[in-house]
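Asker: For reference, the structure I am asking about is given below.
The values are calculated or read from the model by the stated rules, or taken from the named source; none is laboratory data. Model, not experiment: these values are computed from the prediction. Glycine gets a Cβ as well: all are built from the backbone with ideal geometry, and neighbour counts include every protein chain shown. The area values use the complete protein model at the heavy-atom level, side chains included, leaving out ligands, DNA and RNA. Shrake-Rupley method; radii C 1.70, N 1.55, O 1.52, S 1.80 Å.
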Amino acid sequence: MEQNRTNKLWYKQPASRWEEALPAGNGRLGAMVFGGDRKERLQLNEDTLWSGFPRDKINYDARRYLKQARESIFAGNYEEAEKLINLRMLGWNTEAYQPLGDLYIERIGGGEASEYERDLDLTTGVLTTSFKADGVRYVREVWISEPDQVLAVVLSADQAGAIDVDLSLESLLPHDASAEADGRLILKGMAPSHVESNYFRDHPEAILFEEGLGMRFEARLRTSAEGGRVETADGRVRIRGANRVMLLLAAATNFEAYDKLPENGTRKPEQLCENWLDAASAQGEAALRERHLRDHAALYGRMELKLGGEERAQLPTDERLEAYKQGTEDPALEALYFHYGRYLLMGSSRPGTQPANLQGIWNHQIEPPWNSNYTTNINVQMNYWPAEVVNLGECHEPMHRMIGELAQAGRRTARIHYGARGWTAHHNVDLWRMTTPSGGDASWAFWPMGGLWMSAHLWEHYLFTRDARFLREQAYPILRGAALFALDWLVEGPDGLLTTAPSTSPENRFRGENGEPCSTAFGSTMDLTLIRDVMEHVVEAAALLDLEESEVEEFRSALARLQPLRVGADGRLLEWGTELEEHEPGHRHVSHLYGVYPGRSINRLETPELLDAARASLAARIANGGGHTGWSCAWLINLYARLLDGANAHRFVRTLLARSTHPNLFDDHPPFQIDGNFGGTAGIAELLLQSHLGELHLLPALPAAWPDGSVRGLRARGGFTVALEWRDGQIASAEIAADFAGTVRLRADRAFEGASPADAGEAGAFAGELRVAAGETLRVAFE
């Protein structure tokens, strides 16, 4: 009888490299499971294990050069302004996320493996490796429990006394490893006090270890064997002749808070590990497994997506992916990719943990690409694009908490760097909540808009949940602070309108008068879009909360004078405040299209001319090679979904999977970055449901490649949960569950009770409003 592998990643051989291993995680603790038949490797991470410590990275000279930079910009001397910024107004780089170590499980003796298989079951969060050797069937199961905060490994065999293994813990970082007589392994180590990555090229590599400054970490393993004997020797635990074995591993650091030296805190990693292990051991295997399965299902089970073609799940995942690259249609693989994104978010971001970084929580390098930090000019935001719509709002909490910490840390940066109220953050953030510009070049480092973009996540959470307490107590103060910074950052341009200067469009450049690339001008479209959004959000929130804030009138006045977005002579949306020749027409960032997605200010109902200009900009960017990185390709899916262009959106779904996906379905930037996974998941959801224009648009951009299917559990703004079925490319049924009483406006391509034909030129042939009670599920019948 064939297994149901629809929601599994599975393979017929062990992983030969890190990008073939399979991830497990509980938001705090992560493991990459290689599935070795002779020697298993579990590469381990803990989400607070970073290099560095709290330090002052303020550039105390920056503010004195701001006026000079602005004067150069408004005189048209963009290159001069950029040289000044690069020389006088930048700062230090972030610290690096670190690998904790490796757990090795080595099979001793026995013959070669046969009938090998390993898999990750997304529905359970359990990773299984099985094979035969010398006529014995061996099974290894791995999961990481959120309720019990431990990694569990269960080894079993179908013959008594067949399990002979050696266990060891190792680390790339300075460490001591020991084996205790009772079968315990202990790994103690220290993270670097500073990592200077080489990815900026103009900085030398440096990895420093200074006693008392680097983070301390510890991992502890306990063994429980049925039958056989447990011994220790040479720093290893040796298990011989066992019937069944359970391993429990806990790990922790002495990190306490972003603004506190770890050594000055009271957090003891050894005690944390012992506490978790004591509690987990007392549970026993059956209870531990049940608690994990129940917790996992409570989140993962909220959604279901079927796109057809499930029979292809009987092929190993790497073979399916290779066939897909060669042109084979596989909508079930696209659905699997969607669900994998949900699984990865659950595994890398849970309430109380750190947010998902560039690699989620999975990293095996001391010097990971871009320090595996939080890059805030697209990447960390993309990590959380799917959180609300795929019904994982709880997983958004670490991002919200980090934004609150940045709002605290960023007040000092705003005041000292720029003489501004409120708070700011730039393009790179780390565990220590660095909010200053990084080192390098103005094109990426000088971008004080990071706080504004991140603040939008708080507003989005409110729109999906309508949680007034969250808005009042958590979101509003942070939004207000970001808007105050924006207000003070604005300057009057030569035309009397308010604009930004210096202004960059993240990582992109134009050609200066001398033909050389330059990034610094005034009034970038992204700056102005973010500023308009945050001010409008604050004004709206103040009204919702019945607050009388003196700054609200300041915001309204600034909005009335804000430089409008502009369209170039060729009909494209300008990226800067004036028409400038592009240095790289196919650049990976499409920051000037933020108002299309993830924003909403450029849309078909209110700004159709700008939407046409955005569409032209997108087409030109792609024609010149844009979307060539994994996350950039994922952004294109979402943009085309908002443009209601299912064909082009699906074209980039295919591109993302076929060109930018590793065998374990991790996004390949290259190298690995997890943002593309999350952006792809968000884009698939956006093709099926949109709610950003005050209505629920059902199947707004359904690709022809998905003629029949169903989805259950999507969330919509306003507090709605949606289930849809479609056949032959048309909607067949819809169920709308409401958290609140009121009116819901629906739009679809088929008539339904209470609907009328839409206005000419509007997408969706029929629209109508329906009353709904709190807790009611509205079943919509289509004619």
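Asker: With a bin width of 10 angstrom, please list the P(r) values of segment 65-121 as percents of all Cα-Cα pairs, from the 0 bin to the one holding the largest distance.
Answerer: That works out to 16, 21, 13, 10, 9, 14, 13, 4, in percent per bin.
Asker: Percent of Cα-Cα pairs more than 17 Å apart in segment 1-79, please.
Answerer: Taking all Cα-Cα pairs of segment 1-79, the fraction more than 17 Å apart is 71 percent.
Asker: Once the Cα atoms of helix 630-642 and of the chain are each reduced to a long axis, what angle between those two axes, in degrees from 0 to 90 to the nearest 10, is obtained?
Answerer: Tilt relative to the chain: about 50 degrees.
Asker: Would you mind computing, in nm to one decimal, how far apart the modelled labels at Glu79 and Asp61 are, each placed 7 Å from Cα along Cα→Cβ?
Answerer: 2.3
Asker: Any chance you could give the angle, 0 to 90 degrees and rounded to 10, that helix 269-283 forms with the longest Cα principal axis of the chain?
Answerer: 60
Asker: 5 Å is the cut-off here: which amide hydrogens, built 1.01 Å from N in the peptide plane, fall below it relative to Leu696, excluding neighbours closer than 5 in sequence?
Answerer: Residues meeting the amide H criterion: Arg745, Leu746, Arg747.
Asker: Say a paramagnetic label sat at a point 7 Å from the Cα of Asp495, along Cα to Cβ; which residues of segment 42-78 have their backbone N under 18 Å from it?
Answerer: Flagged as within label range: 73-77.
Asker: Sticking with this structure for a sec: Got a sec? Charge dipole of the chain, +1 on Cβ for Lys and Arg, -1 for Asp and Glu; which of Leu333, Leu344, Ser632 is way out at the positive end?
Answerer: Projecting each Cα onto the dipole axis, the largest value belongs to Leu344.
Asker: Taking the Cα centre of the chain as the origin, how large is its charge dipole in debye, to the nearest 20, when only Lys and Arg (+1) and Asp and Glu (-1) carry charge on their Cβ atoms?
Answerer: For the chain, the charge dipole is close to 500 debye.
Asker: Accessible area per residue for segment 680-783 in Å², computed with a 1.4 Å probe and the full protein assembly in place, what is it?
Answerer: Using a 1.4 Å probe on heavy atoms only, each residue of segment 680-783 averages 39 Å².
Asker: Given a Förster distance of 41 Å, report the FRET efficiency between Glu211 and Glu285 from their Cβ-Cβ distance, rounded to the nearest 0.05.
Answerer: Approximately 0.50, to the nearest 0.05.
Asker: Order these peptides, 733-743, 225-235, by their mean beta-carbon neighbour count within 10 angstrom, highest first.
Answerer: Per-residue Cβ counts within 10 Å, averaged per peptide and sorted highest first, yield 733-743, 225-235.
Asker: Could I ask something else about it? Of the heavy-atom accessible surface of the chain (probe 1.4 angstrom), what whole percent is carbon and sulfur?
Answerer: 46
Asker: Output the Kirkwood hydrodynamic radius of segment 128-227, Cα pairs only, in Å rounded to one decimal.
Answerer: Hydrodynamic radius (Kirkwood, Cα only) of segment 128-227 equals 17.1 Å.
Asker: List the residues whose amide H sits under 5 Å from the amide H of Thr661, counting only those 5 or more places along or on another chain, with H placed 1.01 Å from N in the peptide plane.
Answerer: Asp668
Asker: Go through 169-179, 321-331 and give me the packing order, highest mean Cβ count within 10 Å leading.
Answerer: Result, highest mean first: 169-179, 321-331.
Asker: Still on this structure, I have one more. Accessible area per residue, 1.4 Å probe, Å², for segment 31-79: what's the number?
Answerer: Result: 38 Å² of accessible area for each residue.
Asker: Give me the dipole magnitude in Debye, nearest 20, for segment 244-310 about the Cα centre, with unit charges on the beta carbon: positive for Lys and Arg, negative for Asp and Glu.
Answerer: 220
Asker: Choose one of Ala133, Ala31, Ala113: the residue whose Cα lies farthest towards the positive end of the charge dipole of segment 1-160 (beta-carbon charges +1 Lys, Arg; -1 Asp, Glu; about the Cα centre).
Answerer: Ala31
Asker: Please compute one quarter of the surface area of the Cα convex hull for the chain and express it in square nanometres.
Answerer: Computed as one quarter of the Cα hull surface, the answer is 33.5 nm².
Asker: Which FRET efficiency value, to the nearest 0.05, is calculated for Glu769 and Glu311 with the Förster distance at 35 angstrom and r the Cβ-Cβ distance?
Answerer: Computed FRET efficiency for Glu769 and Glu311 comes out at 0.25.
Asker: Given segment 569-701 reduced to its alpha-carbon atoms as identical point scatterers, what log10 I(q)/I(0) does the Debye formula return at q = 0.09, 0.14, 0.16, 0.18 Å⁻¹?
Answerer: -0.25, -0.61, -0.79, -0.97
Asker: Using 5 Å bins from zero, what percent of all Cα-Cα pairs in segment 421-469 falls into each bin?
Answerer: Taking all Cα pairs of segment 421-469, the binned fractions are 5, 19, 21, 19, 14, 13, 5, 3, 1 percent.
Asker: Just to make sure I understand: if all protein chains stay in place, what is the order of Thr629, Thr223 by accessible area at 1.4 Å, largest first?
Answerer: Sorted by accessible area, descending: Thr223, Thr629.
Asker: Now, a different point. Give me a comma-separated list of calculated 3J(HN,Hα) values for segment 424-439, in order, Karplus coefficients 6.51, -1.76, 1.60 applied at θ = phi - 60°, integers in Hz, x for any Gly or Pro.
Answerer: Karplus values, whole Hz, x for Gly and Pro: 9, 9, 9, 8, 10, 9, 9, 4, 8, 6, 5, 10, 7, x, 7, x.
Asker: Please report the projected area of segment 432-570's Cα convex hull averaged over all directions, in nm².
Answerer: 10.7
Asker: Which number comes out as Rg/Rh for segment 252-382 once both Rg and the Kirkwood Rh are worked out on C-alpha atoms?
Answerer: Expressed as Rg/Rh, it is 1.06.
Asker: Sticking with the crude label model, points 7 Å out along Cα→Cβ, report the distance from Ala569 to Ile416 in nm, one decimal please.
Answerer: In this crude spin-label approximation the distance works out to 4.7 nm.
Asker: In this model, which of Lys39/Lys188; Lys57/Lys268; Lys132/Lys268; Lys39/Lys260; Lys12/Lys306; Lys57/Lys83 are farther than 32 Å apart at the alpha-carbon?
Answerer: Where the Cα-Cα span goes over 32 Å, the pairs concerned are Lys132/Lys268; Lys39/Lys260.
Asker: What FRET efficiency comes out for Glu753 versus Leu293 if R0 is 51 angstrom and r is the Cβ-Cβ distance? Round to the nearest 0.05.
Answerer: It comes to 0.80.
Asker: Return the tail of the calculated pair distribution for segment 324-469, meaning the percent of Cα-Cα pairs more than 18 Å apart.
Answerer: 61
Asker: Same structure, new question: What do you get for Rg/Rh of segment 1-133 when both radii come from the Cα atoms and Rh is the Kirkwood radius?
Answerer: That ratio equals 1.31.
Asker: Take the alpha carbon gyration tensor of segment 153-279, find the square roots of its eigenvalues, order them as a ≥ b ≥ c, and report rounded if a/c is under 1.5; if not, report prolate when a/b exceeds b/c, else oblate.
Answerer: Prolate shape, in that a/c is at least 1.5 and a/b is the bigger ratio.
Asker: Quick check on segment 275-316: what are the equivalent-ellipsoid semi-axes from the Cα gyration tensor, as sqrt(5λ), descending, whole Å?
Answerer: After diagonalising the Cα gyration tensor, the semi-axes are 34, 14, 7 Å.
Asker: Working out 0.36 nm times the residue gap between Phe740 and Ser557, then minus their Cα-Cα distance, what length gain in nm do you get to one decimal?
Answerer: 62.5 nm
Asker: Here's something else I'd like to know. Helix-only estimate, please: 222 nm mean residue ellipticity of the chain, summing -39500 (n - 2.57) across DSSP H runs of length 4 or more and dividing by its residues, to the nearest 500.
Answerer: -9500 deg cm²/dmol
Asker: Moving to a separate point now. What order do you get for 590-599, 667-676 when each peptide is scored by the mean count of other beta carbon atoms within 10 Å, highest first?
Answerer: The densest-packed peptide leads the list: 590-599, 667-676.
Asker: Once the convex hull of the alpha carbons of segment 263-339 is built, what does its volume come to per residue, in cubic angstrom?
Answerer: Per residue, the Cα convex hull of segment 263-339 comes to 192 Å³.
Asker: Next question. What accessible area per residue comes out for segment 396-469, rounded to a whole number of Å², with a 1.4 Å probe?
Answerer: 24
Asker: Once both axes come from the Cα atoms, what is the angle between helix 397-418 and the longest principal axis of the chain, in degrees from 0 to 90, rounded to 10?
Answerer: Value to nearest ten degrees: 50.
Asker: Just subtract the alpha-carbon distance of Gln271 and Glu394 from 0.36 nm times their residue separation and send over the number in nm, one decimal.
Answerer: Result for the pair: 41.5 nm of gain on full extension.
Asker: For segment 425-472, build the charge dipole from Cβ charges (+1 Lys, Arg; -1 Asp, Glu) around the Cα centre, then report which of Phe464, His426, Gly451 sits farthest towards its positive end.
Answerer: The listed residue farthest towards the positive side: Phe464.
Asker: What distance in nm separates the simple spin-label points at Glu106 and Glu783, each placed 7 Å from Cα in the Cβ direction?
Answerer: 7.4
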